[in-house]
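Data block below; observations after.
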Amino acid sequence: MPRVRLLLSALALAGSVAGAEAPPVKVATCQACHGAAGVSVAPDIPNLAGQRATYLARQLEAFKAGTRKNDLMAAMAAQLSPDDIKALSAYWSSLPPAPADAGATAPHAATVSAMALPKDFPQAYVEYKREQDETNKTLTLRYANKLALDAARAGKPLPEGSILLTVNYTPQIGADGRWTPGAVKNYVGMETRAGWGDAIPPLLRNGNWNYGVWSSDGTPRLALQQPRCLACHQPKAADSYVFTLAALRQPATH
Ligand code: HEC
Ligand code: HEC
């Protein structure tokens, strides 16, 4: 009787959830970077599981105060109350330092992006900012679709459907020393569409913006980086999560 078995396993599941200590709500945000069980897979992100609670709390306070500096954690800690810090430190401290099946978890919702490299680029786009990086020999052009540009110029928040695309080029250097775009190195973008932010936990959520990175041939390169994009752009919430909004309001002409 499949129906009975289903009911029984549902009851068993409910029982096991009620039996365990419920994690604080904001844990889902931390899991995007520190791993589902607090064991990180990125070389520059520390494990949280099993660390002493007082140590974790002190680090979170330091990120919040700015005495320990990291752009991603500054954005996260700024949104934590003293009670959040206490609860999150206790929770992560309570987990075993290295779970047996660290690699077996499903991808975190914050790592999933719905953004594709826009098919109507470059025709439907306007350049609004240009930067020349001598050290890395990169010419960066920032583009927006018309929807985003019109809203920015009207002083309005960027509406759903807005797309910003940053394109890094190898420069062609003229006899006069002037740089013009040569071959594309890569594409970096952000796009907002209704519903795209729904599954992203609140501390990381950028409204409905999703992010993307592509190599010159259009191959997606974002991999698991989206939580970092979200964390670093999050403090720009009042500017539609866009750092270069001032330039978008007054596009330069070339
Ligand atoms: C966008 C990615 C990201 C998210 C989301 C994130 N962290 Fe971090 N966290 C980092 C990085 C990167 C570091 C290392 C910072 C450094 O090098 O100083 C770090 C470091 C820490 C540390 C210091 C650990 C140590 O060993 O010194 C603590 C504590 C911490 N995070 C707690 C949290 C908590 C709690 C959350 C959820 C509310 C969270 N983090 C969410 C990226 C993230
Ligand atoms: C450490 C912080 C940080 C991280 C992480 C980060 N960004 Fe940004 N991003 C910036 C800053 C600062 C600017 C503005 C650069 C300038 O003014 O020249 C920017 C600009 C942009 C822009 C142009 C629109 C705007 O907001 O001004 C896009 C598109 C963008 N980033 C996409 C991404 C993507 C995709 C990722 C993740 C792969 C990412 N960013 C990760 C800080 C960050």
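The values are calculated or read from the model by the stated rules, or taken from the named source; none is laboratory data. The structure displayed is predicted, hence computed values, not measured ones. Cβ sites come from the backbone with ideal geometry, for glycine too, and all protein chains shown count toward neighbours. Each accessible area value is taken on the protein alone, full model and side chains, heavy atoms only, with ligands, DNA and RNA left out. Shrake-Rupley method; radii C 1.70, N 1.55, O 1.52, S 1.80 Å.
Based on alpha-carbon centroids, what's the gap between region 228-250 and region 102-173 in Å, whole number please?
Result: 12 Å between the Cα centres.
Give the peptides 50-63, 141-154 in descending order of average Cβ contacts within 10 Å, highest first.
Result, highest mean Cβ count within 10 Å first: 141-154, 50-63.
In nm, what is the difference between 0.36 nm times the number of residues separating Asp198 and Thr219 and their Cα-Cα distance?
Gain on stretching Asp198 to Thr219: 5.0 nm.
When the Karplus curve 6.51 cos²θ - 1.76 cosθ + 1.60 is applied with θ = phi - 60°, which whole-Hz ³J(HN,Hα) does each residue of region 44-58 get, with x for Gly and Pro?
Listing the rounded values in order: 9, 10, x, 6, 9, 4, x, 6, 5, 4, 5, 5, 4, 4, 5 Hz.
On each of the three principal axes of the Cα atoms of region 29-137, give max minus min coordinate, whole Å, ordered largest first.
Computed over the Cα atoms, the extents are 54, 36, 29 Å.
If the only charges are +1 at each Lys and Arg Cβ and -1 at each Asp and Glu Cβ, what is the size of the charge dipole of region 125-249 around the Cα centre, to the nearest 20 debye? Intermediate results must be reported in sequence, preceding the final value.
Details: 15 positive and 11 negative charges, 29 e Å.
Using only the charged Cβ atoms, the result is roughly 140 debye.
By how many nm would the segment from Val25 to Asn186 lengthen if fully extended, with 0.36 nm per residue of separation less the alpha-carbon distance?
Stretched fully, the Val25-Asn186 segment lengthens by 54.3 nm.
With all protein chains present and a 1.4 Å probe, how do Met73, Met190 order by accessible area, largest first? Could you put the intermediate results ahead of the total?
Working: Met73 40, Met190 15 Å².
Reading off the accessible areas and sorting them downward yields Met73, Met190.
To the nearest 500 deg cm²/dmol, what mean residue ellipticity at 222 nm is calculated for the chain from DSSP H runs of n ≥ 4 alone, each contributing -39,500 (n - 2.57), summed and divided by the residues? Before the final figure, lay out the partial values.
Working: 8 runs with 80 residues, N = 254.
Dividing the helical sum by the residues of the chain leaves -9000 deg cm²/dmol.
If you line up the long axis of helix 2-19 against the longest principal axis of the chain, both from Cα atoms, how many degrees apart are they, to the nearest 10?
90 degrees
For Lys185, list long-range residues whose amide hydrogen, built 1.01 Å from N in the peptide plane, is under 5 Å from its own amide hydrogen.
Here Asn168, Tyr169, Thr170 satisfy the definition.
Please give the solvent-accessible surface of Arg221 in Å², to the nearest 10, using a probe radius of 1.4 Å with every protein chain present.
140 Å²
Accessible area of Lys137, 1.4 Å probe, to the nearest 10 Å²?
My reading of the accessible area for Lys137 is about 100 Å².
P(r) for the chain, please, calculated from all Cα pair distances in 5 Å bins and given in %.
1, 6, 10, 14, 15, 13, 12, 10, 8, 5, 3, 2, 1, 0, 0, 0, 0
Treat each spin label as a single point 7 Å out from the Cα along the C-beta direction, and report the Thr138 to Thr67 distance in nm.
3.5 nm
Report the dimensions of region 125-249 along its three principal axes from the alpha-carbon atoms, largest first, rounded to Å.
50, 35, 22
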